[in-house]
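Below: one structure, written as structure tokens.
Here, each number is a calculation from the coordinates, and none is a lab measurement. Predicted model only: the values in this text are computed from it and were never measured. Every residue, glycine as well, gets a Cβ built from its backbone with ideal geometry; the counts of neighbours run over all protein chains shown.
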Amino acid sequence: MEELIKRLSTQKTAPRLWIERLSIFSEPSIDHCVRSISFRRGINIIWAREPDENSAYAGIHAAGHGVGKTSLCLLLRYCLGDSSKSIDELREEVLGEFPQGGVGAIVHVGSETFSVFRFFNSYREGFASPGDDLNALLTDGSAQSFKDFEAHLSEAMLSGVSPRTIPETGQAILWRHLLAWMARDQGGRFKSFFSWREGEGTGLQRSRQDPPIVMRAVLGLLAQDESKELTLLRTLERDLETAEAETTRLRHEPNLIRGRIESELRTWLRVPADLPMRSDDLFKDSVVTTRI
């Protein structure tokens, strides 16, 4: 931990990634903005105002349930490239209300700022451009595709990750792996520090061992020597698994040979399969001479 603290910059004045604004549009035009929500750097607390006792929503939205907090988090994740099942379900639901609509965001990535817009329609990808002006983005016909922005975001967020692959399996650490850990919400119930979102999947080959390795690589807590040792350990484990499988096969081979010889003898002697055959050595001459 002391080595990590020494590497941390004391001049950092802003988070490496944060969203300044999220806006929902019924159509991709600034004049059709349904709702716009601003955020600040640091902790942002989202809560729901309790409905009046005589309100028709008193029972439904009591204690802040069903007011859109999770939907807000899903839209934030959607603007960062997340594509989980829960996000797809939300998109389909909102698409029924706003067929031409989408969600826009002002995203800060390091020292850069981007305006991002994504359609609710799954067949329309979206676009992005440098700057913090959503209006300019929506009227700019030369904006880059969202895929290009996502690739830039991925490279920027993973630039300091070392190693870039999981040592034991060689699987590449991707932005969606990091985003899944960053965006843990009530779906994971915060069971542990390493808990990933349940039921959505991240594509990691090993659901239990890999998340802590990814987190440590991102935080710079996985030393290069340890990475080499983990790779060597996995290689030895695979060699051991291969040796054990070969040992099991060799142990069964004598029985297979004996069974094949017995089957050929029964065919040669024309005896039924239920007739016992006993010999202390199937390879003695007496087996052959008895037939003669």
List the residues of region 14-49 whose backbone N lies under 17 Å from a point placed 7 Å from the Cα of residue 121 along the Cα-to-Cβ direction.
25-30, 32
Can you figure out the FRET efficiency of residue 263 with residue 241, using R₀ = 35 Å and their beta-carbon distance, to the nearest 0.05?
0.60
In region 77-124, the trypsin sites (Lys or Arg not before Pro) that fall in loop regions by DSSP, at most 16 other Cβ within 10 Å
124
For a protection proxy built on the mean count of beta-carbon atoms within 10 angstrom, sort 250-261, 172-183 highest first, please.
172-183, 250-261
Per-residue HN-Hα couplings for region 137-144, Karplus 6.51 cos²θ - 1.76 cosθ + 1.60 at θ = phi - 60°, whole Hz, x for Gly and Pro?
4, 6, 9, 8, x, 9, 4, 6
Which peptide among 268-276, 34-42, 96-104 comes first, and what is the full order, when sorted by highest mean count of other Cβ atoms within 10 Å?
96-104, 34-42, 268-276
